[in-house]
């Protein structure tokens, strides 16, 4: 097992992941698209570099950020909400030759359960379910998954996260006080930052490569019940839901992850 790991994307997930890996005696190289953040990352013990993926090239110290590392955690979202013109698939295509020429042999690609579409039948989704994304972000993530997993130069495990949340970032804060929210009876598919970090560590520890995992907390209260409950706990204005229109959604099953990685989720959701 290697002791040197590269993380492309030291943001809200990548930075605490790097800190946790360092505490477990890994050497971590990490990238950021913000030059101003490099000193902060270095203060945590991360060997930090500026790297930015665009549709035309890969900017910054990409070779140095991969050099000497056996494992790459690729943690960069498509970013289509802020920049809908982004071609995320092209960015991954441009990055792959750098991975091929580096010492990287194993990749963890952080994807999303948005590769599965919502439906009125509220299907239970496992890794055997056929992805059918409707959003542009989901479509591009799925194509990026295929590019990475089909590459013979390295082994790729795809980790499809549900909605990530933490103490400082909870979707209830966004929904608080809003009205006419759709899909009140849809199951909630969330995963706490702490579990996300520990699952990535477990994949590395178990050498679980060339796999695809769904990662969502096993409890799935309805959207309406859960967010009203959380807003009450946080003393936030309650959201109001559209109970007249049919709810669409999906229920993400993480049984494969629990069984194969022998993992127990640390943070449960209130029902």
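Pull out a ≥ b ≥ c, the square roots of the eigenvalues of the alpha-carbon gyration tensor of the range 98-196, then state rounded if a/c is under 1.5, prolate if not and a/b is larger than b/c, and oblate in the remaining case. Since a/c reaches 1.5 and a/b is larger than b/c, the shape of the range 98-196 is classed as prolate. Here the gap between residue 135 and residue 34, fully extended at 0.36 nm per residue and compared with their Cα-Cα distance, gives a gain of 33.6 nm. Rounded to 0.05, the FRET efficiency of the residue 25 and residue 267 pair, given R0 = 22 Å and the Cβ-Cβ distance, is 0.30. Computed over the range 147-271, the convex hull of the alpha-carbon atoms projects to a mean area of 8.8 nm².
A Förster radius of 41 Å, combined with the Cβ-Cβ distance separating residue 179 from residue 57, puts the computed FRET efficiency at roughly 0.35.
The mean sequence separation of alpha-carbon pairs under 8 Å and at least six residues apart, normalised by the residue count of the chain, gives a relative contact order of 17 percent. For the peptides 65-76, 236-247, residues were scored by their other Cβ atoms within 10 Å and the scores averaged per peptide; the highest-first order is 65-76, 236-247.
Peptide packing for 6-19, 32-45 was compared via the average number of neighbouring C-beta atoms within 10 Å per residue; ordered from the highest value, the list is 6-19, 32-45. Per residue, the chain reaches -8500 deg cm²/dmol at 222 nm when only DSSP H runs of four or more residues are counted, each adding -39500 (n - 2.57).
Just report the Cα centroid separation between the range 22-48 and the range 207-269, whole Å. So the separation of the two Cα centres works out to 30 Å.
Classify the range 1-60 as rounded, prolate or oblate from the Cα gyration tensor: take a ≥ b ≥ c as the square roots of its eigenvalues, call it rounded if a/c is under 1.5, otherwise prolate when a/b beats b/c and oblate if not. In terms of gyration-tensor shape, prolate.
By DSSP, the beta bridges lying fully in the range 124-271 are antiparallel in about 15 percent of cases. Taking a ≥ b ≥ c as the square roots of the eigenvalues of the Cα gyration tensor, an a/c ratio of 1.5 or more together with a/b no larger than b/c marks the range 74-125 as oblate.
Mean-square fluctuation check for the chain, GNM, Cα pairs under 10 Å: which of 218, 187, 152 is largest? Maximum among the listed residues: 152. Of all DSSP bridge pairs formed entirely within the chain, close to 15 percent run antiparallel.
The numbers here are math on the coordinates, done by the rules we state, and not lab data. Predicted model, so just to flag it, every value in this text is computed and none were measured. Cβ coordinates were reconstructed from backbone atoms using ideal geometry, including for glycine residues, and neighbour counts include every protein chain displayed.
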